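The structure under discussion appears below in the form of structure tokens.
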């Protein structure tokens with residue numbers, strides 16, 4: 001009786017079979033591994049204080065601007081104490097090697113770009129920049145932290161470059177993400193509960209178009225049943241499993257006769273990354 005393939009071997013096979021047509025979709029689980037808080041978990045920002053959620057809104061921008069500024073200055077300053085982790089760097093490496101075509105993210109920390117990825121589709125905007133609500137001029141987010149950093153030269157008010165409650169996702173970015181999902185030969189979800197619309201419709205669109213769906217998340221998601229591969233792990237464990245995956249997948253692409261036909265009919269392999277000894281007790 002043959003053994004089931006390891007998660008990394010199966011993902012390597014799927015990446016190679018996609019021939020550079022993989023789209024990766026990341027959620028809060030990528031950010032929390034860098035030490036940033038998420039939003040909707042029991043310890044997330046929205047659960048810590050209802051006021052936080054209220055301040056992340058168009059209403060606060062218009063009617064409680066000083067508090068809105070204080071909240072986002074705190075969030076922008078928080079990024080200085082955190083950095084991209086190996087998972088961000090692995091994805092950037094896969095993109096450089098031609099294994100990944102498009103990276104789509106729900107996160108606003110800008111860590112994919114800081115890790116070296118290009119053309120990242122940031123569905124909810126980014127905390128890396130602020131812009132004027134009158135003329136639209138953008139500035140690096142650090143400008144927002146200055147004493148006079150909330151006012152633009154035109155006299156308008158500066159605001160964070162994120163999508164606030166009460167605003168729609170940027171239409172051009174969302175449309176580009178839809179196109180990437182529909183043309184994907186493989187769609188990989190990393191660290192997302194797939195509960196937030198309309199972003200959570202992207203993996204379904206990819207699957208409907210025939211792309212194998214891979215989901216890596218600590219908790220179950222509504223699309224696990226539609227996935228070809230489910231890896232039940234936190235991103236840190238997945239990163240350790242995949243540290244050498246890019247070179248392995250490139251090797252397989254050079255020898256395509258090694259590949260078996262891609263799984264059809266929505267069959268599903270559910271696996272967990274093996275535990276490995278921790279190299280240190282320092283938090284990720």
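Among the residues of region 107-143, write down those that are out of contact with any strand residue (DSSP E or B) (no Cβ under 8 Å at 6 or more places or on another chain) and farther than 16 Å from residue 91 by Cβ. Across region 107-143, the qualifying residues are 135, 136, 142. Does residue 99 satisfy being more than 16 Å from the chain's Cα centre (by Cα) and at pLDDT 95 or above? In short, no. Scanning region 15-35 for residues that are assigned to a helix (DSSP H, G or I), over 17 Å from residue 115 (Cβ atoms) and in contact with a helix residue (DSSP H, G or I) (Cβ under 8 Å, 6 or more places away or on another chain) gives 15, 16. Considering region 224-244, and only residues there that are surrounded by fewer than 20 Cβ atoms within 10 Å (Cβ to Cβ) and part of a loop (DSSP other than H, G, I, E, B), the residue that is modelled with the lowest pLDDT turns out to be 244. Residue 76 meets each of the listed conditions (1) surrounded by 15 or more Cβ atoms within 10 Å (Cβ to Cβ); (2) within 24 Å of residue 196 (Cα to Cα); (3) assigned by TED's automatic domain parsing to the domain that holds residue 198 apart from (3).
Scanning region 91-100 for residues that are buried (at least 20 other Cβ atoms within 10 Å of the Cβ) and in contact (Cβ under 8 Å) with a residue 60 or more places away in the chain gives 91, 94, 99, 100.
Can residue 205 be described as in contact with a helix residue (DSSP H, G or I) (Cβ under 8 Å, 6 or more places away or on another chain) and surrounded by 23 or more Cβ atoms within 10 Å (Cβ to Cβ)? Working first, answer last.
Working: in contact with a helix residue (DSSP H, G or I) (Cβ under 8 Å, 6 or more places away or on another chain): yes; surrounded by 23 or more Cβ atoms within 10 Å (Cβ to Cβ): no.
Considered against the rule, which asks whether it is in contact with a helix residue (DSSP H, G or I) (Cβ under 8 Å, 6 or more places away or on another chain) and surrounded by 23 or more Cβ atoms within 10 Å (Cβ to Cβ), residue 205 comes out as no.
Among the residues of region 36-60 satisfying the criterion of being out of contact with any strand residue (DSSP E or B) (no Cβ under 9 Å at 6 or more places or on another chain) and part of a helix (DSSP H, G or I), which is modelled with the highest pLDDT? Among residues in region 36-60 that are out of contact with any strand residue (DSSP E or B) (no Cβ under 9 Å at 6 or more places or on another chain) and part of a helix (DSSP H, G or I), the one modelled with the highest pLDDT is 55.
Only residues that are more than 18 Å from the chain's Cα centre (by Cα) and assigned to a strand (DSSP E or B) were counted in region 134-188, giving 9.
The values are calculated or read from the model by the stated rules, or taken from the named source; none is laboratory data. Values in this document were obtained by computation on a predicted structure and should not be read as measured data. Cβ atoms come from the backbone with ideal geometry, glycine included; neighbour counts cover every protein chain shown.
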